[in-house]
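This report concerns only the one structure given below.
Read-outs: derived from the displayed coordinates by stated rules, not from any lab. Treat the numbers as computed from the prediction; the structure is a model and nothing was measured. So basically every Cβ, Gly included, is an ideal-geometry build from the backbone, and we count neighbours across all protein chains shown.
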Amino acid sequence: MEPKVNKLLSYILFFFSLTVFSQTESEIVVDTTVQFVTTDKSALPKTEKEDYEIYQDNDSIVSKSFREDFQKNYQSEEFRYQPVLKDTSRWDNFKAWLAYWLDRIFSFGGEGNASVFEIILKTIAVLIVLFVVYLIVKAIINKEGGWIFGKSSKKKITTTEFSEEDIHSIDFRTIIDKSKAANNHRLSIRYYYLWLLKRMSDNGIIEWDIEKTNSDYLYEIKRTALKEDFQYLSYIYDYSWYGEFTIDDALFAKAEKAFVKTINSI
């Protein structure tokens, strides 16, 4: 009996001690109060105080604008950043072509050394180019270079069969009949044109000169109708003689009719 009583007292003391411990723990208070510290702006240093101030600009604003003609100042050569392409003539194109091929001929690929065969080959090429240039220059001097540089509207009236003195004494009817019999329409038109110049020279309308051009004679003609006819006949002459176009029977008959009409009207 006594051991059971002691055991019961032990349980009672254990539970009592737990109750006391829980009450002691619940009585512990934690101070969680947060204290806020305010800063007095007047107590701040001067440099920190100035950061709170906003500067106000009271300066007046002046509105500016461009002048209406301001672009004129930028139209000079100094403000042109793109090259201006100029029209090149056929002569300029020919010189550029010649310079290009000469540069290729004399260039040995930058190697510094060239074989004997290569030197001989390029020397022959240079001689050929020079010969072609010679033929072109000769054709220009002889007034036969129109196929290269275009037809010229100011060709001299030259004669191969007659000199300047002969043109006033030649029997054009006879030589025209001979050229027509040979079916040489191109030469017949040439004789008709020289005959027209002779008639105008004999009547004081123009002054014949072997060095003059069609435009020179056209300027000397004062009669409007004759000026128009001469301009048309000059076109026919240039077309057939200098243009070296084929003149068939129909075209020649039309040209001959126009020449005869104008010659008889003088």
Given R₀ = 22 Å, FRET efficiency for GLU228-LEU251 by Cβ-Cβ distance, to 0.05? 0.65
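For a 23 Å ceiling on Cα separation, which of these pairs sit above it: LYS95/LYS212; LYS178/LYS257; LYS180/LYS222; LYS212/LYS254; LYS222/LYS254?
Details: LYS95/LYS212 30 Å; LYS178/LYS257 18 Å; LYS180/LYS222 32 Å; LYS212/LYS254 27 Å; LYS222/LYS254 26 Å.
Listed pairs above 23 Å: LYS95/LYS212; LYS180/LYS222; LYS212/LYS254; LYS222/LYS254.
Could you calculate the FRET efficiency of SER265 with TYR219 from 1/(1 + (r/R0)^6), where r is the beta carbon distance between them and R0 is 25 Å, rounded to 0.05?
Details: r = 20 Å, r/R0 = 0.80.
Result of the calculation: an efficiency of 0.80.
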Here, PHE94 and VAL137, labelled 7 Å along Cα→Cβ, have an inter-label distance in nm of 1.2 nm
